[in-house]
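One structure is given here, and the rest of the page talks about it.
Coordinate-derived values only; no laboratory data. This is a predicted model, so every value here is computed, not measured.
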Amino acid sequence: MDARNWRWIVVNSWKFCEEHGREECLQCRCDYRLENNHASDLHLILDALLLDRDFDLDKRMSRHAYNRGAIPVKDGSKGRSKEYKCRTHGQKDCWTCFEWVAIVRQEVELLSPRKGRLPSA
């Protein structure tokens, strides 16, 4: 087993593979989606949306921290730093760039509610 799959970074409370910045990384054989869902209480927060849609949070689209601009807090320390900030604002765990719950909510909202269900009051 490759030791890479045990190294991760944390960006605004979510884990990603350290080498590639992916939440689910086939190269490193890791998948942090389930753990990240629980870290953010996604099932509780998105419960009303999920009731009307065929959507499995554990199989949702994997996020990519580096593509969203995650960089080490200290320059040149990629792979050695556990602290990451956004490239745009220079903020550690930036809520503008790394608002994971809102990003997943948008993905769920793209799906139309199932027919035959009454809207909740």
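Here are some notes:
- GNM flexibility winner over the chain from 37, 67, 12 (Cα, springs under 10 Å): 67
- Remark: the chain projects, on average over all directions, an area of 8.5 nm² (convex hull of Cα atoms).
- Between helix 100-109 and the chain: long-axis angle, C-alpha atoms, 0 to 90°, nearest 10: 30 degrees
- Span from the the range 96-114 Cα centroid across to the the range 1-75 one, whole angstrom: 14 Å
- Close Lys pairs in the chain (alpha-carbon distance under 18 Å; sequence gap of 8 or more, or different chains): 10.
- Computed extension length for residue 67-residue 44: 5.6 nm, one decimal, from 0.36 nm per residue of separation with the Cα-Cα distance subtracted.
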